[in-house]
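Every read-out reported here was derived from the displayed coordinates using simple, explicitly stated rules and does not represent laboratory data. Fair warning: this is a prediction, and the values are worked out from it, not measured in the lab. Neighbour counts run over all protein chains shown; Cβ positions are idealised from the backbone, glycine included.
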Amino acid sequence: MLRPGRGAGGWLSSSDWLWLLLRGTFGSTGRNHTWAWNVGFLLLISAAHHNLPSTTTSFLFFPTHATFFTSPAPSSSPAVPHSSPAAPQSTPAPLPIVEVSLPAKEGSSEKSVTMTDAQVYKVLLASAILIFWSGFWVVHLIGIIYGYRRLHQRRALSVESGDQGVLGVSVLKPLVGTPMDPNLMTNLETFFTLNYPKFELLFCVQEEGDPSIMIVQQLMKKHPHVDASCFIGGLEVGVNPKINNMQPGYLAAKHELLLVSDSGLLMKEDTLTDMVAHMTPDVGIVHQMPFTCDRKGWPAILEKVYFGTGHARMYLFLGLLDALGFGVNCCTGMSCLMRKKVLDEAGGISAFGIYLAEDYFFAKYIQDRGWGIRIASQPAWQNAGICRVKTFLSRLTRWCKLRIAMVPHTILLEPFSECMVLGLVVSWAATVLLRADYLTFFLFHTLTWSLADWIMLNIVQNGPPPFSKFEFVISWLFREVSALFIFLHAMWNPVISWRTGSFKLRWWGVAEPVSSRVTVM
Ligand SMILES: CCCCCCCC/C=C\CCCCCCCC(=O)N[C@@H](CO)[C@H](O)/C=C/CCCCCCCCCCCCC
Ligand SMILES: O=c1ccn([C@@H]2O[C@H](COP(=O)(O)OP(=O)(O)O[C@H]3OC[C@@H](O)[C@H](O)[C@H]3O)[C@@H](O)[C@H]2O)c(=O)[nH]1
């Protein structure tokens with residue numbers, strides 16, 4: 001359906017495709033809505049490619065309905081035959097005419113106003129921003145629905161995993177115990193009490209004299225029935241210190257599945273069972289979405305808010321794209337279950353020692369060989385005893401630096417995927433296209449975004465979070481505002497400090513050591 005009073009024949013002018021786009025996006029034409037939206041979108045792209053002439057347009061703008069109607073093009077326009085001007089029959093009041101810029105053509109009796117190229121591009125840009133913004137509401141929705149359906153769903157082991165044919169798991173625990181984490185003992189003990197029939201624990205301690213060695217020994221004594229070993233000193237096979245640390249454990253691993261599990265994690269009795277249950281025959285890697293245990297203090301709230309909102313949204317959305325085979329990879333390696341034989345084909349984990357983000361490259365390698373990637377239904381329960389705002393921000397900055405180097409197109413996508421930056425630009429677009437009040441639209445955007453995030457947090461937490469809504473709002477605002485600064489800081493200073501080392505990444509992720517540091521994060 002074309003706009004009222006409009007002939008259907010002939011090629012469409014720039015005003016027509018803009019009308020289609022805007023009518024489709026903001027109009028209320030029922031079943032034509034999707035159709036018009038799609039056509040408008042296609043025409044938007046086609047216009048960008050062909051740089052359509054922009055001299056045929058005049059607008060009548062209805063602020064209340066946010067819909068454009070065009071009057072006829074001047075007769076000199078060769079491409080667009082128009083019928084008589086149109087106004088909707090039902091509109092009661094006279095319609096305000098927005099004079100865009102130039103006067104009507106000489107000799108023309110119609111109230112035709114021409115748009116300059118700059119104005120067309122302005123409208124185009126605003127439309128593109130509004131489409132991108134609408135896309136993000138789809139991301140919100142998908143994240144919420146996928147999170148609701150995926151997370152905290154108990155899953156039984158497949159027949160393949162009945163006690164006889166159960167897949168054995170070698171758990172690699174890389175440990176760097178300085179400074180001493182007060183929760184280390186509690187966290188490590190949960191690995192000894194896993195309710196899974198066939199597993200071994202391979203503790204890898206980076207340096208002699210590390211206080212975590214004593215803890216591991218105590219736990220091994222307390223649980224003698226659990227198959228556990230401790231390797232000290234690592235093996236230097238690359239730049240990545242975590243890989244170097246895990247290498248002796250990897251060489252000793254005897255089971256077909258390998259779980260890389262970071263030191264700050266806590267396991268529930270059934271966490272490993274849940275992960276293995278997702279390792280179906282077509283899957284090569286099962287990862288847990290990072291989240292946190294309930295801990296005291298504002299830094300802990302901040303972490304929970306971040307991992308339960310913005311991070312969870314993108315992780316679930318990209319994770320779903322992974323699972324659907326779109327080849328996106330968002331695997332974070334704090335808890336990653338992998339088929340050892342696939343890593344062996346690469347030459348073992350040492351083949352990934354040139355990268356700092358070994359997690360991303362593990363997943364990429366496995367995915368490139370045709371194996372599926374899945375998110376487990378239990379999130380990763382981070383439970384480090386030391387929880388500080390500074391540590392949290394440094395960690396996010398480090399991750400951001402990794403992403404910038406490994407997936408450079410996120411430089412454009414990332415800032416605009418954040419609530420505040422997107423809110424600032426979309427509010428401008430709304431003033432251009434909808435004549436909205438800038439501040440009102442920004443507040444509307446921020447409020448609805450935070451509500452969607454609150455829903456997401458409740459889903460990831462599997463119930464209400466252990467803090468008040470006021471604490472949520474403060475933490476959420478802090479995190480959303482800090483996101484841009486984290487990004488700018490990551491762009492400004494690409495040197496990555498991780499525990500005792502400093503590194504620089506080349507584009508696409510190969511790491512080089514910079515110098516040794518003694519600061520501990
Ligand atoms: C309208 C849809 C637009 C989608 C825009 C996507 C913008 C991406 C923004 C944020 C990415 C969040 C990624 C999840 C958290 C990763 C945490 C992390 O950095 N972990 C590292 C340390 O463990 C790890 O090494 C990195 C792993 C994966 C990085 C993934 C990069 C994101 C890839 C973006 C692909 C965009 C695809 C767009 C599809 C529509
Ligand atoms: O020098 C190091 C640094 C770290 N590690 C180990 O690596 C694990 C993760 O370290 P941290 O907790 O400092 O870092 P993060 O939680 O930020 O790690 C995350 O980001 C970087 C990725 O490469 C990791 O796979 C991911 O887990 C811990 O178990 C730690 O003991 C080492 O063994 N040696």
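Under 5 Å between amide hydrogens, which residues at least 5 positions from residue 501 or on another chain qualify, with H placed 1.01 Å from N in the peptide plane?
517
Tell me, what ³J(HN,Hα) does each residue in the range 211-217 have, in order and in whole Hz, if you take phi through Karplus 6.51 cos²θ - 1.76 cosθ + 1.60 with θ = phi - 60° and put x for Gly and Pro?
Karplus values, whole Hz, x for Gly and Pro: x, 5, 4, 4, 5, 4, 4.
Rounded, prolate or oblate: which fits the range 331-461 when a ≥ b ≥ c are the square roots of the eigenvalues of the alpha-carbon gyration tensor, with rounded for a/c under 1.5 and prolate only if a/b beats b/c?
Working: a/c = 2.35, a/b = 1.97, b/c = 1.19.
Prolate.
So how far apart, in nm, are the two label points at residue 131 and residue 512 if each is 7 Å from Cα heading toward Cβ?
Modelled inter-label distance: 4.1 nm.
Around residue 319, under 13 Å between beta carbons, what's the net of Lys plus Arg minus Asp minus Glu among the other residues?
My count for the surroundings of residue 319 gives +3.
Counting Lys and Arg as +1 and Asp and Glu as -1, what is the net charge of the other residues whose Cβ lies under 14 Å from the Cβ of residue 194?
Details: positive: 173, 198, 268; negative: 189, 200, 227, 269, 270, 274.
Taking every other residue near residue 194 into account, the sum is -3.
What's the Cα-based Rg to Rh of the range 170-263, Rh via Kirkwood?
Radius of gyration over Kirkwood radius for the range 170-263 works out to 0.94.
Which order do the peptides 237-248, 220-231, 120-131 take when ranked by the mean count of other beta-carbon atoms within 10 Å per residue, highest first?
By packing density, highest mean first, the sequence is 237-248, 120-131, 220-231.
Pop a pseudo-label 7 angstrom from the Cα along the beta-carbon direction at both residue 138 and residue 444 and give the gap in nm to one decimal.
Reported label-point gap for residue 138 and residue 444 is 2.1 nm.
Run the paramagnetic zone check for residue 270: 7 angstrom along Cα to Cβ, then residues of the range 126-156 with backbone nitrogen under 17 Å.
Within reach of a label on residue 270: 149-156.
Using the per-residue mean of other Cβ atoms lying within 10 Å as a proxy for protection, in what order, highest first, do the peptides 411-421, 278-288, 307-317 fall?
Answer by packing, highest mean first, reads 307-317, 278-288, 411-421.
Residue 222 versus residue 481, label points 7 Å from Cα toward the beta carbon: distance in nm?
Rounded to a tenth, the inter-label distance reads 4.3 nm.
Let's test this: bin the Cα-Cα distances of the range 249-297 at 5 Å from zero up to the farthest pair and state each bin's percent.
4, 14, 25, 24, 19, 8, 4, 2, 1
Taking H placed 1.01 Å from N in the peptide plane, check which residues at least 5 places from residue 292 or on another chain put their amide H under 5 Å from its amide H.
Excluding prolines and chain starts, which carry no amide H, the hits are 382.
Just to check I understand the Karplus step: with θ = phi - 60° and J = 6.51 cos²θ - 1.76 cosθ + 1.60, what whole-Hz values come out for the range 220-237, glycine and proline as x?
Working through the residues one at a time gives 5, 5, 6, 10, x, 6, 8, 6, 9, 9, 10, 10, 10, x, x, 9, 7, 10 Hz.
Kindly write out, for the range 349-361 in residue order, the coupling ³J(HN,Hα) from the Karplus curve 6.51 cos²θ - 1.76 cosθ + 1.60 (θ = phi - 60°), rounded to whole Hz, with x marking Gly and Pro.
Karplus-based 3J(HN,Hα) across the range 349-361 equals 5, 4, 5, 9, x, 6, 9, 8, 8, 4, 4, 4, 7 Hz.
What does the charge add up to near residue 329, with Lys and Arg as +1, Asp and Glu as -1, over the other residues with Cβ less than 15 Å from its Cβ?
Overall, the nearby charge balance is 0.
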